[in-house]
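All remarks here apply to the structure that follows.
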Amino acid sequence: MGKSRARLFRRTPFAAARLDQRRDGDGDPEEEQAAELLEKLQHPSAEVREYACASISRLLQQKHVIPAFLQRDVVRCLGPLLMDHSLAVRETAAGALRNLSACGGFEVCDDMVTKDIMTPLVALLKECSSGLDANQLSTKKCREMNKNYVEDIANEAINLLWNVCECNNTAVHIFNKEGCLEPVLHYMKTFSTNVDLAISVANCLQAVTEDNPDLLSSFNASAQQVLETVMLCPESTMKHILLRTLIAGTVWNIKDTIPPGSLGSMVNAILKIFSESLAIDAGEMIIHINAAEKNRLKLGVERETEENMSDVTDNCVLTEDDDMEEIAKGKVRRENDISDLLPSDKWELKEVTALLTAQQTALEIIVNMCCTEDPSDDEWEELSSSDESDLFMENSYNEGSGLLMSPLCLSDEVNSAFLNNLIPKKILEKTAFPSSVAVDICMHNLSWKPLIKKMNAVQCRALTCLHSILLVSDVDCLGGASALQSLAQHLSQLVFSKMELPTDTEFLEAITSALRALLQTMASKNISQCMTPEQLLALCEAGIRSSNASVRVNVVSILGISGSVLAKGQDTAETLKMIGKFLLEVAMKESSLVVAGEALDALFDVFADGKEAEKAAVQIKLLPVLKEFQPVFKMRMRKEGKGQYSTDQLCVLDNVKMNLRRFIAYQETLGKTPT
């Protein structure tokens, strides 16, 4: 109903990855198993406590087991062990709590904070931070094992902190109050030697800096210097690209602490990092790096054969038991981030995973850059800078290419809105479907199969990014009418290039949002549209069956925009009849009042004016149908409105109700006008 708005990406609440739903073979009930293991946490032997923590950590990955542990107060049992005198116990206890927070979700994280998990966690973080410099917890045995307990414990603790802060505002408040930023930033200084720990810290920082103005004062010059050092890190591995991307997101979150004169250079630095990750073709990387992995494993097997080593398989890859042992140390992360679940010899897979995560994160942050915090404000945040960015200059408009590749810059003349003159080539490339060869490789490799979902997520984020930039960009800055028409053809091909119309909800929401914004822009400038009425109706019929209300709103709006354009043409009455019947059916049968209201709004647009629209309206009996439906819509608003919809939605629906009355009156005057 009206102009669609740019979507503000919130960091997605995590879901446990790779949950094992099988029960243990011994057949013991979960309650007895939980009681036995929790009792072992009090054992005087550190080895027994470590074993109990590791076993609990593994079991907590099975969602049906979690209630049994919660009933026995697992948080208060494990919490004190974060400060156990045994470093191994600390690590496994932190890992178990990390799994509990990741697999349990919001409610469990709330319960963990209520049961004061933050007190021992903050103490552990500060102690580890002190030990990082002194290396006081390092022992000869640790060095022989090539293990740094301080950093490993810190990694588990930081991930636990990330989880609870992402779910619970009280945890964020405690983070602020207890001055956790300083020790957390101290861990970031290990990025040159322990990039995995640095990535965990960067994820945590991005979470705690989002919508947290109370923390801004803590980001003094020293803290900002730490972030700047990481952003300028020259390392080119995919993990380092991910690290820089996450830190760039943190810097954007704390932009209010940046002096006005430095905003331009700050934005340019952020976009340079995003450009770096988006420039890489993930499909090509998967093809080449998968071949490299196969070659490495083949050479390893041949070398071991030559040395007459037995049990070659066990030395090439981890067995299932080994993998579970790795997980037992607390390594469960959100569904979108599997990198630290992977065995240590899967470095190629970890690199690809890091790249795809970096690209998805970069696109999400760009989307947020297009949005203001006030959802009612269509204006972009202005930047006080006269600096020009040389970023994306290689993508300047290439005549005849049909792509929207204007150079990204900050205006010399005004505090220009960010990205208002560019849809970069790199973002457009990411809207294409993933490489079929890369998808096939992943489909036939169990370890690589999760990458398919990540590739699809990158495509959807790119489409959402496209949608956001379309909403805030001037037509001339986008490359003009021909570039918009080329973009419309590209999006149409994404929808209609396959035998069947897409059904994936996330993709449908992203593609219909982008199409809606594009068609709005084209219609406002009288630019002819390339989608045929048949294609539009086919898309809308597929979209209206979606369980996602946003998809249904988008397709109804798309039909309204296209119908209003057709109403201005000649010999379009038959098409307008089909559109009108479709929208009427949606308005009367749709379960969601918001979607029904959007359908009515679209009807008002389509049949607002024009001889063809008047003719079609008479033939589908639009006026009598709407007069009969008007009291039904009012009654639905009275019954369903309160409690089910937000204040903003109710305000829009009130406007639709008022416009329905006005539209009926307008149609009645048309009927009285002499022909």
(request) Could you pull out the residue among Ile241, Ile273, Ile289 that is at pLDDT 85 or above, in contact with a Lys or Arg (Cβ under 9 Å, 6 or more places away or on another chain) and part of a helix (DSSP H, G or I)? (result) Ile273
(message) Criterion first (touching a Pro at 6+ places or on another chain (Cβ under 8 Å) and either part of a helix (DSSP H, G or I) or modelled with pLDDT under 95 (or both)) does Asp196 satisfy it?
(response) no
(message) If the requirement is being in contact (Cβ under 8 Å) with a residue 24 or more places away in the chain and under 22 Å from Phe633 (Cβ atoms), which of these qualifies: Ile579, Ile511?
(response) Ile579
(request) Might you check whether a residue that is part of a loop (DSSP other than H, G, I, E, B), open to solvent by less than 80 Å² (accessible area, probe 1.4 Å) and closer than 19 Å to Lys568 by Cβ occurs anywhere in the range 592-606? (result) no
(request) Out of the residues in the range 607-655 that are polar (S, T, N, Q) and over 23 Å from Val555 (Cβ atoms), state the one that is most open to solvent (accessible area, probe 1.4 Å). (result) Thr647
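Which residues, taken from the range 160-195, are among the acidic types (Asp, Glu) and surrounded by 18 or more Cβ atoms within 10 Å (Cβ to Cβ)? Explain how you work it out, then say what you get.
From the range 160-195, those among the acidic types (Asp, Glu) are 166, 178, 182; that's our starting set.
Of everything in the range 160-195, just one residue is among the acidic types (Asp, Glu) and surrounded by 18 or more Cβ atoms within 10 Å (Cβ to Cβ), namely Glu166.
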(request) Within the range 46-88, work out how many residues are surrounded by 23 or more Cβ atoms within 10 Å (Cβ to Cβ), closer than 18 Å to Gly105 by Cα and in contact with a Gly (Cβ under 9 Å, 6 or more places away or on another chain). (result) 2
(request) Examine the range 231-249 for a residue that is within 17 Å of His186 (Cβ to Cβ), of a type in the set (Ser, Thr, Tyr) and in the same structural domain as Ile174 (by the TED database), and state whether such a residue exists. (result) no
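Any residue at all in the range 512-520 that's buried (at least 21 other Cβ atoms within 10 Å of the Cβ) and of a type in the set (D, E, K, R)?
Taking the range 512-520 first, the residues buried (at least 21 other Cβ atoms within 10 Å of the Cβ) are 512-519.
Still in the list and also of a type in the set (D, E, K, R): 516.
Yes: the range 512-520 contains one or more residues that are buried (at least 21 other Cβ atoms within 10 Å of the Cβ) and of a type in the set (D, E, K, R).
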(request) Please determine, by comparing only the residues of the range 521-532 that are hydrophobic (A, V, I, L, M, F, W, C) and under 15 Å from Gly560 (Cα atoms), which one is least open to solvent (accessible area, probe 1.4 Å). (result) Met522
(request) Kindly indicate whether Thr503 is over 21 Å from Ile469 (Cβ atoms), touching a helix residue (DSSP H, G or I) at 6+ places or on another chain (Cβ under 9 Å) and assigned to a loop (DSSP other than H, G, I, E, B). (result) yes
(request) Please verify whether the range 634-655 includes one or more residues that are in contact (Cβ under 8 Å) with a residue 60 or more places away in the chain and either in contact with an Asp or Glu (Cβ under 6 Å, 6 or more places away or on another chain) or among the polar types (S, T, N, Q) (or both). (result) yes
(message) Based on this model, can you work out whether Ala202 counts as over 23 Å from Asn176 (Cα atoms) and either buried (at least 18 other Cβ atoms within 10 Å of the Cβ) or modelled with pLDDT under 95 (or both)?
(response) no
(request) Could you pull out the residue among Cys477, Cys460 that is modelled with pLDDT under 90 and either open to solvent by less than 10 Å² (accessible area, probe 1.4 Å) or not in a helix (DSSP H, G or I) (or both)? (result) Cys477
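The values are calculated or read from the model by the stated rules, or taken from the named source; none is laboratory data. Everything quoted here is computed from the prediction, not taken from an experiment. Counting neighbours? That spans all protein chains shown, and the Cβs are built from the backbone with ideal geometry, glycine included. When the accessible area is computed, the model is the full protein with side chains, heavy atoms only, and any ligands, DNA or RNA have been set aside. Shrake-Rupley method; radii C 1.70, N 1.55, O 1.52, S 1.80 Å.
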